[in-house]
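S.K.: Take a look at the following structure, please.
Here, each number is a calculation from the coordinates, and none is a lab measurement. The structure displayed is predicted, hence computed values, not measured ones. Note that we place each Cβ from the backbone using ideal geometry, even for glycine, and neighbour counts take in every protein chain shown.
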């Protein structure tokens, strides 16, 4: 039998991470925030953990599948809102990829950078769709909020990485 | 794993940029009689509302389907045919806002009332954009370039 690239353990762990991030990003869309178009970005924590403790390809896979699945669940697949979240996700992924490889920054800085570039990616798509630079006026509001949520999800990522190492990576040594 | 010096620098830089943006947007603005609201659909101006005098200039009759006036509230109501549903826009002395829309997120309604240049009301599913502009100095790309130059100055000062 041809050996798969992924062990069963890896597939299960990635599926759990995907399920968590889909549920979290669906649930947080119900949390009201006064500034329009802003979310907590808790699903970004999962991508951050995978970027640090797993391969880049797996993190990208989980990100793309999350965006598709959330689009299917919310019924917004291939609508302007969905393209905004796709472009935001791509921008955030590239920014977090770069910053997570620089030793000067911990996961707090990386996640702040990720949430700021998520907003910039969304704003760029919105500007292209409405072709109005007036939307740039939203940027300070969104940046202020994303600073807060970015710091929060950075701390969360530190906590989750600690547990992840203890539970999942720790068990691997004993049973492989 | 803990908080590093790079994080602190990053957060401070982002905070400085944010505060600079706020200063630019909110500092030199006054409530001015030169302001009118411009309503765009599919990137075309369809309606211009002078909300201080409650007069309007309809540019596209096919998009702006009806106009009504409420004597008691002193409000004018405009109904637009958006891409997915009708958009009901209200204008009064205090400014202009979206009263009802069939879009899924209701971001346009939650934006609330606007009366100065700065925050626009955007309904992306309906392709409707409402901005308040200064009749004398329209918002142009030059102004956006100036924002970035000012922010850069702030950053390196």
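S.K.: Rounded, prolate or oblate: which one fits segment A:9-158, using the alpha carbon gyration tensor with axes a ≥ b ≥ c (rounded when a/c is under 1.5, else prolate when a/b beats b/c, else oblate)?
M.R.: In terms of gyration-tensor shape, oblate.
S.K.: Then there's this: Once the cut-off is 22 Å, how many percent of the Cα-Cα pairs in segment B:1-113 end up in the long-distance tail?
M.R.: Considering segment B:1-113, 49 percent of its Cα-Cα pairs are separated by more than 22 Å.
S.K.: Among B:68, B:92, which comes first, then next, by fewest other beta-carbon atoms within 10 Å?
M.R.: B:68, B:92
S.K.: While we're looking at this one, here's another question. Hey, fewest Cβ within 10 Å first, where do B:90, A:128, A:119, B:123 land in order?
M.R.: A:128, B:90, A:119, B:123
S.K.: Based only on other Cβ atoms within 10 Å, what is the fewest-to-most ordering of A:138, A:6, A:26?
M.R.: Sorted ascending by nearby Cβ count, the order is A:6, A:26, A:138.
S.K.: Starting at 0 and stepping by 5 Å, how many percent of the alpha carbon pairs of segment B:65-136 end up in each bin?
M.R.: In whole percents, the pair-distance histogram is 3, 17, 27, 24, 18, 8, 1, 0.
S.K.: Per-residue Cβ counts within 10 Å, from other chains only, averaged over A:95-105: what number is that?
M.R.: 2
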